[in-house]
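Asker: Quick one: the structure is below, and I'll ask about it shortly.
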Amino acid sequence: MASRRVNSRAVKLHRSYSVSELAACFGVHKNTVRQWQRDGLKPIDSGRPVLFQGAIVRAFLSARNASRKRPCPPGTLYCFRCREPRPPALGMVDYLSLNAKSGNVRAICATCETVMHRRASKAALAAVLPGCDIQFVEALPRLKGSPAPSLNCDLETQAAV
Ligand SMILES: [Zn+2]
């Protein structure tokens, strides 16, 4: 289970924070802050109590959040409830064409039964979802001119390859 992503903007740039102040600021346990320190978050100096500068904390957490983005492995869609890539329940997915080349893949999370979405190009479907039973669904006419909801996230990059 992935740990929760914190909002790096919760700290003020020009303030310094003790371990417990940082923990309170982000709503995490003090041990989480100590883990950040082991992961490379640098205190202001080697003095006691250990203090961290807001700007350094923010830069550390932003970089850490960015590095945690990762594409879904083949055969999975990103489940926003599990916060993990998950395989479709029973290997069943729907593909809703948006145009001749690409569309939205829709499936049910095998773990928590939440509906998951992923954009995929038609040509890449077999590579993106190997071994899945893909149902091709005709997209409904766009009566209101609004496109079908598709989650615009970095998962698309893999599907586009
Ligand atoms: Zn799930």
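What follows is calculated from the coordinates using simple rules that are stated; it is not laboratory data. These numbers come from a predicted model, not from an experiment. Backbone-built Cβ (ideal geometry, glycine too); neighbour counts: all protein chains shown.
Asker: Once the piece of chain linking residue 101 and residue 18 is laid out straight, how much longer is it, given 0.36 nm per residue of separation minus the C-alpha distance between them?
Answerer: So the extension gain works out to 24.6 nm.
Asker: Separate question: Using the Karplus curve 6.51 cos²θ - 1.76 cosθ + 1.60 with θ = phi - 60°, what ³J(HN,Hα) values do you get for each residue of region 40-48, in whole Hz, with x for Gly and Pro?
Answerer: Whole-Hz 3J(HN,Hα) from phi for region 40-48: x, 6, 8, x, 4, 8, 8, x, 10.
Asker: Can you work out the PRE-style zone for residue 5? Point 7 Å along Cα to Cβ, and I want the residues of region 74-92 with backbone N under 20 Å.
Answerer: Hits in region 74-92 for residue 5 at 20 Å: 74, 76-87.
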